[in-house]
1. Of these, E129, E117, E106, E52, which one is over 18 Å from S11 (Cβ atoms), among the acidic types (D, E) and modelled with pLDDT of 95 or more?
2. Answer yes or no: is there a residue in region 107-115 that is hydrophobic (A, V, I, L, M, F, W, C) and touching a Pro at 6+ places or on another chain (Cβ under 6 Å).
3. Have a look at L54, L66 and point out the one that is touching a Gly at 6+ places or on another chain (Cβ under 9 Å), surrounded by 13 or more Cβ atoms within 10 Å (Cβ to Cβ) and not basic (K, R).
4. Might you let me know whether region 15-31 holds any residue that is in contact with a strand residue (DSSP E or B) (Cβ under 8 Å, 6 or more places away or on another chain), of a type in the set (K, R) and within 19 Å of H113 (Cα to Cα)?
5. Just to be sure I understand, how many residues within region 1-48 are within 16 Å of Y138 (Cα to Cα) and among the small types (G, A, S)?
6. Considering only residues of region 29-46 that are more than 13 Å from the chain's Cα centre (by Cα) and closer than 23 Å to R104 by Cβ, which is surrounded by the fewest Cβ atoms within 10 Å (Cβ to Cβ)?
7. Only one residue in I82, I99, I110, I91 is under 24 Å from R27 (Cβ atoms) and out of contact with any strand residue (DSSP E or B) (no Cβ under 6 Å at 6 or more places or on another chain), so which one is that?
8. Please tell me if G69 is without any contact (Cβ under 8 Å) to a residue 12 or more places away in the chain, out of contact with any strand residue (DSSP E or B) (no Cβ under 7 Å at 6 or more places or on another chain) and on the phi > 0 side of the Ramachandran plot.
Amino acid sequence: MKLTPADIAFSWCVRERAAWTCEKCGRVYTPPTKALHCSHYIGRGNWSTRFEPLNAFAHCFGCHQLLGGDPHLFREWVIDRIGLDRYEIIIEKKENPMIGKQMRHEKKDIAKHYRDEHNKMLKKRANGETGRLEFVGY
């Protein structure tokens, strides 16, 4: 599946949010690297959740493979990580095709939004903030 500029900008935000650390095993990476992935619980093929921060996590290759290969394990991990209420938000969005239709038409705006969010995160890091940094979803 082809990566769009929006996918790339969103991925940078997800990995920066986690301070370039695998959210499952805790391994720390030095950016930039392709060894830490932006892992989607509901796959990127679903445009309704493709750019939803609650649906994306920073995972190393091994953890991404493990979770991606076992939907039950991934579901349990996600619920444990973000809580049942937020998990249900992802599922509701997944089932709303109108959100996906809107996202497909707004790819350029989405890319700009997440580039701006990433720049804000980098400024916080430059000012000494460590650990997890949240970002605003589109």
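1. E129
2. For region 107-115, residues hydrophobic (A, V, I, L, M, F, W, C) and touching a Pro at 6+ places or on another chain (Cβ under 6 Å): present.
3. Within the list L54, L66, the selection yields L54.
4. yes
5. Total satisfying the criteria: 4.
6. Ranking the qualifying residues of region 29-46, first place goes to G45.
7. That would be I82, the only listed residue that is under 24 Å from R27 (Cβ atoms) and out of contact with any strand residue (DSSP E or B) (no Cβ under 6 Å at 6 or more places or on another chain).
8. no
The values are calculated or read from the model by the stated rules, or taken from the named source; none is laboratory data. Bear in mind that the values here come from a model prediction, so they are computed numbers and not experimental data. Here Cβ is always computed from backbone atoms with ideal geometry, including for glycine, and neighbour counts include all displayed protein chains.
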